[in-house]
1. For the stretch 178-222, how many residues meet the condition of being in a loop (DSSP other than H, G, I, E, B), of a type outside the set (Val, Ile, Thr), surrounded by fewer than 24 Cβ atoms within 10 Å (Cβ to Cβ) and away from the ligand (no atom under 11 Å from the Cβ)?
2. With in contact with a Ser or Thr (Cβ under 7 Å, 6 or more places away or on another chain), at pLDDT 90 or above, outside the structural domain of Arg178 (by TED's automatic domain parsing) and of a type in the set (D, E, K, R) as the only criterion, which of Arg59, Arg37 stands out?
3. In this structure, does Arg243 turn out to be assigned to a helix (DSSP H, G or I), modelled with pLDDT under 95, within 15 Å of the ligand (Cβ to nearest atom) and within 22 Å of Val95 (Cβ to Cβ)?
4. Does Arg50 satisfy the criteria of being basic (Lys, Arg), under 30 Å from Thr250 (Cα atoms) and either at pLDDT 90 or above or touching a helix residue (DSSP H, G or I) at 6+ places or on another chain (Cβ under 9 Å) (or both)?
5. Hey, among Val172, Val167, which residue is part of a strand (DSSP E or B), touching a residue at least 12 places away in the same chain (Cβ under 8 Å), touching a Leu at 6+ places or on another chain (Cβ under 6 Å) and in the same structural domain as Arg121 (by TED's automatic domain parsing)?
6. Please return the ranges of strands (runs of 3 or more DSSP E) entirely within the stretch 48-148 where 3 or more residues are touching an Asp or Glu at 6+ places or on another chain (Cβ under 8 Å).
Amino acid sequence: MSSRPGPIWRASKITLQTWEISYHLKRTRRRRSIALRVEPSGAVTVLAPRFALSHFVERFVQSQAGWIKKKLIDIEELRKKHPPKEFVSGEMFSVWGQEYPLHVVSDAAAVSSRCEWVDGRLQIRLKESDGLQARGAVKDLLCEWYARQTEGQLKESVPALASAMGVSARQVKVAEQRKRWGSCSRTGNLRFNWRLSMMPRPILDYVIIHELAHIKAHNHSKAFWDIVRLALPDFKERRTWLRKNGSAATRWD
Ligand SMILES: [Zn+2]
């Protein structure tokens, strides 16, 4: 067996009038055509066949400049809409797509710190020793709270949607999955991102239906999307919303 050379990565730049695009060029043996990817972070990757001529690659990037620029402007706007969190009183947090204020109080008598829902706001009660690293403590408590909300809703929604679709999930768990909203193992175990309770409930339904459909089709074939469409005729709008807003709406750092 011969060992195949891996992909070649190279940082490149292209200047269009007054605007400069920095991108990473990834050359691989398997690719047959040139493609572009703009990550939610704003990083631009150009995927090219291993032996594609450089000027072809550059011309391709130039031809897509308008599209890249639009994507980067969208990312910048989302960043402004969802600035990094500070985890302080008065800051707004999204719960099932609605914004609520955070209220942090320090409680010298409290045995343990906790997060609770009080009069339409998220209240964090910090025990004295946690006050020293408040930001980290608030963040951890909120993370647990969101995970509980996601879990509670999954307990209700997964069995209902599964029976409507004629499938059954073996195990349902909430997990830390930075890059995925959900996953389905070959044996039918489902994992969901704890951040899902930050988003509107219809988005969670889409993610659940998507993973349940994988129990029947373990790929993203046309047959798979037909199963999703049958259960959720407007899945495309929800998928688009999730792709566009999902990572920015749930990003904390
Ligand atoms: Zn999938």
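The values are calculated or read from the model by the stated rules, or taken from the named source; none is laboratory data. Values in this document were obtained by computation on a predicted structure and should not be read as measured data. With ideal geometry, Cβ positions are generated from the backbone for all residues, glycine too; neighbour counts draw on all protein chains shown.
1. Residues in the stretch 178-222 being in a loop (DSSP other than H, G, I, E, B), of a type outside the set (Val, Ile, Thr), surrounded by fewer than 24 Cβ atoms within 10 Å (Cβ to Cβ) and away from the ligand (no atom under 11 Å from the Cβ): 6 in total.
2. After applying the criteria, what remains is Arg37.
3. Considered against the rule, which asks whether it is assigned to a helix (DSSP H, G or I), modelled with pLDDT under 95, within 15 Å of the ligand (Cβ to nearest atom) and within 22 Å of Val95 (Cβ to Cβ), Arg243 comes out as yes.
4. no
5. Val172
6. 98-107, 121-127
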